[in-house]
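The block underneath contains the structure these notes are about, expressed in structure tokens.
The values are calculated or read from the model by the stated rules, or taken from the named source; none is laboratory data. Just so it is clear, the structure is predicted and the values come from calculations on it, not from any experiment. Cβ: placed from backbone, ideal geometry, glycine included. Neighbour counts: every protein chain shown. The accessibility values were calculated without ligands, DNA or RNA, using every heavy atom of the protein model including side chains. Shrake-Rupley method; radii C 1.70, N 1.55, O 1.52, S 1.80 Å.
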Amino acid sequence: MEIFKENGYAIARIRIKESDNNYNYVVWCIETSECAVIDPLDQRTLLDFIRQHNLSVRYIINTHAHPDHIEGNDAILKVTTSKILIHPKGASFVSPRCEMIDDGDRINIGRIDIRVIYTPGHCTEHVSLILGDNIFVGDTLFLSGCGNTRFRGDVNELYDSIAFKLTTLPDNVKVFCGHDYAEKNLKFALSIEPNNEYAKAKLEEVKSEYSRNKEPQPSTIGEEKRYNPFLRFEVPDVVEEVKKRKSLSAGEPVLIFKAIRELRDTW
Ligand SMILES: [Zn+2]
């Protein structure tokens, strides 16, 4: 678990034991102690944390409705006066004690202002949340990877969300994702670009953190552009390698992106 203190607010990133390396988040306003819980899986750990820090839960925000991102909802609803915030396309998966959020909406928690952006693709209801220079991307983007599209997903939508929304954010924006798949993702990146020095250095950094029982530090959009193959669909070396491997004649960005997703699915 790690706490990131910013000006007026704090972010707790809690890695959940015995899960698919899920991260759960608690975000709170330091002045009012109101908080939001993002993508709760392990309600017990979260409720302990909330009690220890004397926080009051205003909202449970689900970036999307896959089971491992909503499982803790009901237990938290039961002991708090909070509400769930979710995109309308995910509402049927959660308790009726919910309100809808969509692209451009603002969520206020104490003095915190969170902006919602609609980032479908990993699944149709997926939203990401911008708070200052931080973004919570759920399973849209991972360190050196992106979400798969096997469960209610659409790879064309995922491409649009990444190419036209996430990569247009400033380079210094810190990326808080829904799972830690960093080591495998960086190894995959190096299978596409064996000479990418940034990917090599990041893999060493991540391995050294694991060896000290630590979790990888959140990356930034600028860093992802240097080593994440799903943001490098226009880099000539990547285009050539992917065309060769998938026997493609055309190299349009969306085709390269889809081909990289297919390669990763079977890697
Ligand atoms: Zn998911």
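Structure values in brief
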item	result
Failed item in (1) open to solvent by 10 Å² or more (accessible area, probe 1.4 Å); (2) farther than 30 Å from residue 90 by Cα, with residue 189 passing the rest	(1)
Residue that is of a type outside the set (Gly, Ala, Ser), surrounded by fewer than 22 Cβ atoms within 10 Å (Cβ to Cβ) and free of Cβ contacts under 8 Å to residues at least 12 places away in the same chain, where the choices are 149, 168	168
Scan of the range 102-120 for residues that are buried (at least 18 other Cβ atoms within 10 Å of the Cβ) and in contact (Cβ under 8 Å) with a residue 24 or more places away in the chain, ordered by number	107, 109, 110, 112, 114, 117, 118, 119, 120
Hey, residue 158 of a type in the set (A, V, I, L, M, F, W, C), in contact with a Ser or Thr (Cβ under 8 Å, 6 or more places away or on another chain), open to solvent by 20 Å² or more (accessible area, probe 1.4 Å) and modelled with pLDDT of 95 or more or not	no
Number of positions in the range 40-91 that are under 23 Å from residue 1 (Cα atoms), in contact with a strand residue (DSSP E or B) (Cβ under 6 Å, 6 or more places away or on another chain) and within 15 Å of the ligand (Cβ to nearest atom)	8
